[in-house]
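Following: one structure in structure tokens, then a few remarks.
Bear in mind that the values in this text are calculations on the coordinates, not laboratory data. All values reported here derive from a predicted model rather than from experimental measurement. Because the Cβ atoms are built from the backbone with ideal geometry, glycine has one as well, and the counts that use them run over all protein chains shown.
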Amino acid sequence: SPQNDSVVAGGGAIEMELSKYLRDYSRTIPGKQQLLIGAYAKALEIIPRQLCDNAGFDATNILNKLRAKHAQVGPPGSP
């Protein structure tokens, strides 16, 4: 069992931020485009999930932590 499951910047952080942005954006548009963008957002999360699996971490737990951290941070350039 791994000793430390803290969130580290760079380990899929870009993909998680893009996923968050695309999910938020997909909620603003109607129709099939919404579903396509949501599916692409979900697909981006495969990268950090695989990194967690490769490191021996609980991917679900880590992805939930990453989503929470990305939800706390405001838009780029904000304090």
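Values as computed for the structure displayed
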quantity	calculated
Cut-off 11 Å between beta-carbons: net charge of the residues surrounding Gly38, Lys and Arg +1, Asp and Glu -1	+3
Nearby lysines by direct alpha-carbon distance to Lys65 (threshold 23 angstrom, same-chain neighbours under 8 apart not counted)	Lys20, Lys42
Net charge contributed by nearby residues that have their C-beta within less than 13 Å of Asp24 (K/R +1, D/E -1)	+3
Gyration tensor (alpha-carbon) shape descriptor, segment 21-76, a/c threshold 1.5	oblate
